[in-house]
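To start, the structure under review is shown below, and the notes come after it.
The values are calculated or read from the model by the stated rules, or taken from the named source; none is laboratory data. The shown structure was predicted, so the numbers you read here are calculated from the model rather than taken from an experiment. Neighbour counts run over all protein chains shown; Cβ positions are idealised from the backbone, glycine included. Note: accessible area is taken over every heavy atom of the protein model, side chains too, but ligands, DNA and RNA are not part of it. Shrake-Rupley method; radii C 1.70, N 1.55, O 1.52, S 1.80 Å.
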Amino acid sequence: QVQLVESGGGLVQAGDSLRLSCAASGRGTYAMGWFRQAPGKEREFVAAVNWNGFNTYYGNSVKGRFTVSRDNANNTMYLQMNSLKPDDTAAYYCAATYAPRYYTGQYEYNYWGQGTQVTVSS
């Protein structure tokens, strides 16, 4: 079982940067991902990383602006968000699944954090 705790959210202005962290507890090999959900919208895939951090994948809306990484020595995944836009405003969730490769679908993930709010003002 994996427990996940996100941190790093906040209120920023358009064009600013922010780094989210997801601290994981649990043994084994698992892929991780970031999703976000804005009020009234469906949960959206943001980024994912495989078990060793060598392979990553991004949603089209964040490609080129966000970078996902993980530090397995410290059991932490990160999401570096640059050039933030008001459309990036959402609750951001990290997720994990016991698999070596990453997935982009939310239903592939078994474990979820409680979420951290990111608000980008114009």
**Prompt:** How many angstrom lie between the C-alpha centres of the range 65-118 and the range 1-60?
**Reply:** 1 Å
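Of all accessible surface on the chain at a 1.4 Å probe, what whole percent is carbon and sulfur? Provide the component values of the computation, followed by the final result.
On the way: 2830 of 6380 Å².
Heavy-atom surface of the chain belonging to carbon and sulfur, 1.4 Å probe: 44 percent.
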**Message:** Apply the Karplus curve 6.51 cos²θ - 1.76 cosθ + 1.60, θ = phi - 60°, to the phi angles in the range 9-19 and return the couplings in whole Hz, x for Gly and Pro.
**Reply:** x, x, 9, 9, 9, 4, x, 6, 10, 8, 10
**Point-to-point label distance, Gln114-Lys41, nm (Cα→Cβ direction, 7 Å offset)** = 2.4 nm
**Message:** For the ranges 29-39, 2-12, what's the packing order if you count other beta-carbon atoms within 10 Å of each residue, average per peptide, and put the highest first?
**Reply:** 29-39, 2-12
**Size of the chain as Cα extents on the principal axes (Å, biggest first)** = 42, 28, 23
**Item:** Per DSSP, loop trypsin sites (Lys or Arg not before Pro) in the range 41-115 with at most 11 further Cβ within 10 Å
**Value:** Lys41, Lys63
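Given a 1.4 Å probe, how much area per residue of the chain is accessible, in Å²?
Heavy-atom accessible area per residue stands at 52 Å².
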